[in-house]
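These notes concern the structure reproduced below.
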Amino acid sequence: MTHESRATFGSKLGVVLATVGSAVGLGNIWRFPYMVGENGGAAFLLIYVLCILFLGLPVMITEFFIGRHSHRNAAGAFKEIAPDSKWSVIGYNGVLAAFMILGFYSVVAGWTLEYILQAVTGSLSNKSAAEFANDFSVFSTGIIKPILWTFIFIALTHIIIVSGVKKGIERASKVMMPMLFIILVILCVRSLTLDNAEKGISFLFNPDFSKITSSVILSAMGQAFFSLSIGMGCLITYSSYFSKATNLQRTALEVTILDTLVALLAGVMIFPAVFSFNIQPTAGPELVFITLPNVFGQMSLGSLWSFIFFVLLALAALTSTISLHEVATAYVLEEHKMSRRKAALLVSGGILVLGIISSLSLGIWKQYTIFGLTFFDFLDYVTAKIMLPFGGMLICFFVGRRVDKKILKAELTNEGSITFHFFNTYAFFMRYVAPIAIGLIFLNELGIIKWINGIILQ
Ligand code: PFF
């Protein structure tokens, strides 16, 4: 495929919305609250925000540079910028991560479809908190239903991917993102007016510094990468469709702010309700699915609200699965010279297999574990906490070592037509701070720093 014949996003708003669409998804509304809950609340939030600012933002700008500069997919981009080098391994890491994330993400996305159906049939009303928890557990550990929903979700993603970049992705994102935002604000207000709401707010915003451990830091970093869709070439792929006029710095800043805002809103929506209904904040992946129906139950026209919310959540998930699928499809299509239809079919088939295994690993295959984790948790752990930060670290190394600063600056300022006030600060963070910090967090988690300290202190 020649560069000229590649699709581009239509409007300026479309670019930002589609990229926000990739970033905002289950990561913000499902994964973020349960990570906060499992990792001690506000202390996690603090580290998360630091990771977003000092690691996430520089990596995102760097991915935008790579994508738009090369006009290629996640793996091809590295071959284009640094031919005959091994850097395209970053892209392969990304393509593999896309498959693995879709393997568990589609399962959770499928759960949102079940909840839409339950809202329509009225089975979400008049239940106690314990009944909601029990019903979710019965459903998610079952066999046929969750697999069927996973299949339907993958099929929806597949259809949009095959219909082409511009039409499908852009049209979908434009309408849904603002709607999701509005409904989150409404749900926050409802949640904040519940009994004991202040306990949830304190959990979310009052840090207990003694809770900060190496595993909390790794989780926060992983969540930052996962939520911003960075470290795996997704934003390289998307920005390869950006036009030459797109302001990359501003787009990165807007996406980061919106993504963080949605996660914060999700936290404010969930935690007051968690404390009000006596749900354990450490409940894990089921947290949102057992908390929210209780909130809707406290609202007049609760079923209608839950219907609207889960439709929007499903759509937010869809704009993220589209972006993940596109990483893998664009790679297969461009590097293996296949038609879009065939490439997409191959990718969808692979995801379905992973999706079935990870869904069953929550129920009848629970006893089969990898490093003590179910297949579902394993996919989540390896991608968010290892592959994405590792990819981000390599992306920074790559641009820091292989790209002339002048070329970098020219791309990020649209050949000098816009200013980049903080270019030197950005370059410093991208070259040194981000890769070193990510490396240190890995070493710390592996216990290597403690080990070296022990040797020095002996
Ligand atoms: N950022 C998405 C979310 O928060 O739901 C998930 C995701 C999409 C991760 C695309 C990685 C990615 F490349």
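The values are calculated or read from the model by the stated rules, or taken from the named source; none is laboratory data. All values reported here derive from a predicted model rather than from experimental measurement. Every residue, glycine as well, gets a Cβ built from its backbone with ideal geometry; the counts of neighbours run over all protein chains shown. Areas reflect the complete protein model, heavy atoms only, side chains present, ligands, DNA and RNA absent. Shrake-Rupley method; radii C 1.70, N 1.55, O 1.52, S 1.80 Å.
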_Using only the Cα atoms of segment 12-140, what are the Rg and Dmax in Å?_
19.7, 64
*Given a 1.4 Å probe and every protein chain left where it sits, what share in percent of the accessible area of the chain is carbon and sulfur?*
67 percent
*List, in order, the whole-Hz ³J(HN,Hα) value for each residue of segment 206-222 obtained from phi through the Karplus relation with A = 6.51, B = -1.76, C = 1.60 and θ = phi - 60°; use x for Gly and Pro.*
9, x, 10, 5, 5, 7, 7, 10, 5, 6, 5, 5, 4, 5, 5, 5, x
*Convex hull volume per residue in cubic angstrom - Cα atoms of segment 236-333*: 141 Å³
*Be a star and scan segment 54-86 for residues whose amide nitrogen sits under 18 Å from the point 7 Å along the Cα-to-Cβ vector of residue 244.*
65-72
*Work out the charge dipole of segment 129-232 with +1 on the Cβ of Lys and Arg and -1 on the Cβ of Asp and Glu about the Cα centre, then indicate which of 180, 206, 162 is farthest towards its positive end.*
162
*Shape parameters for segment 375-458, alpha-carbon atoms, Rg then Dmax in Å*: 17.4, 57
*Among 137, 263, 353 - extreme Cα towards positive end, dipole of the chain, charges at beta-carbon*: 353
*Pick out, from 36, 20, 103, the residue whose Cα sits farthest towards the positive end of the charge dipole of segment 1-131, with +1 on the Cβ of Lys and Arg and -1 on the Cβ of Asp and Glu.*
20
*What are the extents of the Cα atoms of segment 302-455 along their three principal axes, listed from largest to smallest and rounded to whole Å?*
53, 52, 45
*asked:* Can you give me the angle between helix 287-297 and the longest principal axis of the chain, using Cα atoms only, in degrees from 0 to 90, rounded to the nearest 10?
replied: 50 degrees
*How large is the helix-only mean residue ellipticity at 222 nm for the chain, computed as the sum of -39500 (n - 2.57) over DSSP H runs with n ≥ 4, divided by its residue count, in deg cm²/dmol to the nearest 500?*
-22500 deg cm²/dmol
_Just the number please: accessible area per residue for the chain, 1.4 Å probe, all protein chains included, in Å²._
40 Å²
_P(r), alpha carbons of the chain - 10 Å bins starting at zero, rounded %_ = 4, 21, 32, 26, 12, 3, 0
*What is the extension gain from residue 92 to residue 213, computed as 0.36 nm multiplied by their sequence separation minus the C-alpha to C-alpha distance, in nm to one decimal?*
40.4 nm
*If you keep only loop residues by DSSP, which trypsin sites (Lys or Arg not before Pro) in segment 60-108 have at most 16 other Cβ atoms within 10 Å of their Cβ?*
86
*Along segment 394-405, what does the Karplus equation 6.51 cos²θ - 1.76 cosθ + 1.60 (θ = phi - 60°) give for ³J(HN,Hα), rounded to whole Hz, x for Gly and Pro?*
5, 4, 5, 4, 4, 5, x, 9, 9, 10, 5, 4
*About its Cα centre, what dipole magnitude does the chain give when the only charges are +1 on Lys and Arg Cβ and -1 on Asp and Glu Cβ, stated in debye to the nearest 20?*
1060 debye
*For segment 125-280: Kirkwood Rh in Å [reciprocal of mean 1/r, alpha carbons]*: 19.3 Å
*Please report, in Å, the Rg and the Dmax of segment 336-411, where both are computed over Cα atoms only.*
18.7, 56
_Vicinal HN-Hα couplings computed from phi for segment 423-430 (Karplus, 6.51 cos²θ - 1.76 cosθ + 1.60; Hz; Gly/Pro x)_ = 4, 5, 5, 4, 4, 5, 5, 5
*For residue 20, what charge total do you get from the other residues with a beta carbon under 11 Å from its beta carbon, if Lys and Arg give +1 and Asp and Glu give -1?*
-1
*Inverting the mean 1/r over all pairs of different Cα atoms, compute the Kirkwood radius of segment 271-387 and quote it in Å.*
17.3 Å
*By how many nm would the segment from residue 428 to residue 452 lengthen if fully extended, with 0.36 nm per residue of separation less the alpha-carbon distance?*
5.9 nm
_Need the full-extension length gain, residue 120 to residue 371, defined as separation in residues times 0.36 nm minus the C-alpha distance. One decimal, nm._
86.3 nm
